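First up is the structure itself, then whatever we jot down about it.
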Amino acid sequence: MKVVFIDATKAMAALARRLLGPADPALTINQETVVPPDRLAEVIGDGAIILDDHTALPTEALAACASLRHVVFLGTGARSYMDPEALAARGIAVHTIKGYGDTAVAEHAIALMWAAARGLARMDRRMRAGEWARQAGVQLTGRTLGLLGFGGIAQEVARIAQGGGMRVIAWNRTPRPTQGVTFVELDRLLAESDVLSLHLLLTDQTRGLLDAARLARLKPGAILVNTARGALLDEAALIAALTQGRIGHAALDVFDTEPLPPDHPLTRLENVTLSAHSGFDTPEATETLLRRGLDIARDLAGATAAEG
């Protein structure tokens with residue numbers, strides 16, 4: 001089976017070549033950061049398996065790819081880039097990779113939380129403008145961290161936060177007993193959290209979960225951290241709550257629209273810390289991600305060969 005990496009950066013292409021072993025299928029690498037829809041058929045060609053590093057895959061654009069049977073999405077949030085159910089109806093299975101960057105994203109969430117608590121981004125901006133911008137911060141030791149969702153990343157966040165002296169509570173559809181973590185109902189989580197950190201997958205059920213009504217239930221002045229998916233919350237309602245001071249600070253790595261437009265309202269708010277969807281991006285996590293993607297492609301190719 002032909003395997004195509006459709007959108008490898010220069011660095012990812014080099015890593016893929018280094019990681020390929022004798023047991024892996026031959027890999028065609030297209031060095032193009034994002035493939036536009038009108039070029040997908042050309043790039044994929046007669047590929048049966050593709051590795052996709054965050055290129056959008058409109059269902060109709062893949063209609064001409066008669067050989068395509070599997071999409072290996074290099075990450076967890078495939079639904080933000082394609083419609084897995086619609087692709088499945090066309091005979092194309094979508095595979096995602098979980099857990100590759102749990103520690104990397106958790107460390108980023110913790111970094112955003114502490115940066116927000118101490119106002120580091122605001123002080124940095126003002127000092128670069130020539131001001132001596134000292135400001136009071138929030139001491140997080142003894143405060144309550146609420147985790148919305150409790151998968152692998154949230155578990156790592158809990159571990160690090162407990163080491164920093166924080167009380168940790170969590171809400172998850174299925175509670176997962178964990179030492180030092182108290183599972184509570186969603187309304188209680190919102191009401192008690194000094195910091196609320198989002199760790200849910202984006203599904204039809206979780207899209208817009210934090211709407212205006214739920215954001216209003218947050219403790220006044222709370223810090224909100226999102227390293228999961230922008231569409232989990234109502235961005236307009238978040239901006240209103242930040243503008244009115246009901247939410248003390250938002251530290252965001254993900255957004256409804258990415259890249260974030262330069263004139264976006266979030267870029268003009270002082271009580272916001274922004275990063276460019278980079279929580280997963282460490283050399284260790286990237287190597288694990290790509291190796292697991294190649295493993296999936298190898299297993300799929302082997303299974304098809306055995307069936308044939």
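Is there a residue in region 13-27 that is over 23 Å from residue 302 (Cβ atoms) and touching a residue at least 12 places away in the same chain (Cβ under 8 Å)? For region 13-27, residues over 23 Å from residue 302 (Cβ atoms) and touching a residue at least 12 places away in the same chain (Cβ under 8 Å): present.
For the structure I just gave you, tell me whether residue 72 is buried (at least 19 other Cβ atoms within 10 Å of the Cβ), under 15 Å from residue 7 (Cα atoms) and either without any contact (Cβ under 8 Å) to a residue 12 or more places away in the chain or in contact with a His (Cβ under 8 Å, 6 or more places away or on another chain) (or both). Spell out how you get there, then give the answer.
On the way: buried (at least 19 other Cβ atoms within 10 Å of the Cβ): yes; under 15 Å from residue 7 (Cα atoms): yes; either without any contact (Cβ under 8 Å) to a residue 12 or more places away in the chain or in contact with a His (Cβ under 8 Å, 6 or more places away or on another chain) (or both): yes.
It is true that residue 72 is buried (at least 19 other Cβ atoms within 10 Å of the Cβ), under 15 Å from residue 7 (Cα atoms) and either without any contact (Cβ under 8 Å) to a residue 12 or more places away in the chain or in contact with a His (Cβ under 8 Å, 6 or more places away or on another chain) (or both).
Among the residues of region 88-105, those identified as surrounded by fewer than 19 Cβ atoms within 10 Å (Cβ to Cβ) and over 27 Å from residue 156 (Cβ atoms) are 88, 89, 90, 91, 93.
Tell me whether region 117-134 contains one or more residues that are touching a Ser or Thr at 6+ places or on another chain (Cβ under 6 Å), in a helix (DSSP H, G or I) and within 21 Å of residue 250 (Cβ to Cβ). Spell out how you get there, then give the answer.
Quick first cut of region 117-134, residues touching a Ser or Thr at 6+ places or on another chain (Cβ under 6 Å) only: 121.
Cutting the leftovers down to in a helix (DSSP H, G or I) gives us 121.
If we keep only those that are within 21 Å of residue 250 (Cβ to Cβ) too, we end up with 121.
Scanning region 117-134 turns up at least one residue that is touching a Ser or Thr at 6+ places or on another chain (Cβ under 6 Å), in a helix (DSSP H, G or I) and within 21 Å of residue 250 (Cβ to Cβ).
All conditions in (1) assigned to a loop (DSSP other than H, G, I, E, B); (2) polar (S, T, N, Q); (3) within 19 Å of the chain's Cα centre (by Cα) hold for residue 31, with the sole exception of (3). When the helices (runs of 4 or more DSSP H) confined to region 145-261 are screened for residues that are closer than 14 Å to residue 109 by Cα, acidic (Asp, Glu) and at pLDDT 95 or above, those reaching at least 1 such residues are found at 152-163.
The values are calculated or read from the model by the stated rules, or taken from the named source; none is laboratory data. What you see is a predicted model, and the numbers here were worked out from it, not measured in a lab. Using ideal geometry, Cβ is built from the backbone for each residue, glycine included, and neighbour counts are taken over all protein chains shown.
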